[in-house]
Amino acid sequence: MDSNDDLSISRRNLLLASAATAAVGVPAGSAAQGVPQLQEPPLSTARVTLDVNGTARTLELDTRTTLLDALREHMHLTGTKKGCDQGQCGACTVLVDGRRVVSCLTLAVMNEGAKVTTIEGLGTPARPHALQAAFVKHDGFQCGYCTPGQICSAVGMLDEVKRGVPSHAAEDIVAKPLLSAAELRERMSGNLCRCGAYSNIAEAIGEVAGAKA
Ligand code: FES
Ligand code: FES
């Protein structure tokens, strides 16, 4: 080891020692003099039961666990994707009691007793959901990362149209919505696709909706 390495290590050790002292906020050795040390707050956990894809799942979770992390990290349902983790990309969209939700913005404990449907619960390779089949038929994906969120979102969106929920693109918010191309794009605008497969995604959804996208 040359003298430069010695120098860099001793500088690093010095910085680490300084940081540790600053974080604790007291000089070294003060613990022995009765000064209280900072302690980790106790972990707050809760028992949460969710109906996930038709199966009751009970977990003991840190109350700060998002629904997304509960699905991916605790239930190993990795079909639901984490993109931005802050509600902006739609990759983590699942259905909660039939409505589309970005699962990174809701805590698991807030959904106690809810019926959660993920991409794994919509269909199987042998018996795909109509939207899953349409995405394959219309080449509605490239890397596929956004696809589970796009499909779950489309399922929820088509149900919103059926229930007469207006969108920002609606010209008459009390009229029964018609799924025009503009409406479809507006209603799906919360789901981003970095591969830019939008036109094929719109065609796939449009076919299932019975509308020309
Ligand atoms: S990961 Fe949830 S919206 Fe992007
Ligand atoms: S298919 Fe790659 S991000 Fe949409």
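Below are the figures for this structure:
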quantity: Residues of region 170-197 that turn out to be open to solvent by 70 Å² or more (accessible area, probe 1.4 Å) and not in a loop (DSSP other than H, G, I, E, B), as a count; calculated: 1
quantity: Considering residues of region 103-127 that are closer than 25 Å to Glu203 by Cβ and in contact with a Leu (Cβ under 8 Å, 6 or more places away or on another chain) only, the residue surrounded by the fewest Cβ atoms within 10 Å (Cβ to Cβ); calculated: Glu120
quantity: Condition met for Lys137 (surrounded by fewer than 22 Cβ atoms within 10 Å (Cβ to Cβ), away from ligand 2 (no atom under 16 Å from the Cβ) and among the basic types (Lys, Arg)); calculated: no
quantity: Residues that are closer than 13 Å to Asn53 by Cα and in a loop (DSSP other than H, G, I, E, B), drawn from region 65-75; calculated: Met75
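Listed here are the residues, each with its yes/no results for (1) more than 16 Å from ligand 1 (Cβ to nearest atom); (2) crowded, with 17+ Cβ neighbours inside 10 Å.
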{"residue": "Cys152", "(1), (2)": "no, yes"}
{"residue": "His168", "(1), (2)": "yes, no"}
{"residue": "Ser199", "(1), (2)": "yes, no"}
{"residue": "Val208", "(1), (2)": "yes, yes"}
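The values are calculated or read from the model by the stated rules, or taken from the named source; none is laboratory data. Just so it is clear, the model here is predicted, and its values are computed rather than measured. Glycine also receives a Cβ, built like all others from the backbone with ideal geometry; neighbour counts cover every protein chain displayed. Please note that ligands, DNA and RNA were not included when accessible areas were found on the heavy atoms of the full protein model with its side chains. Shrake-Rupley method; radii C 1.70, N 1.55, O 1.52, S 1.80 Å.
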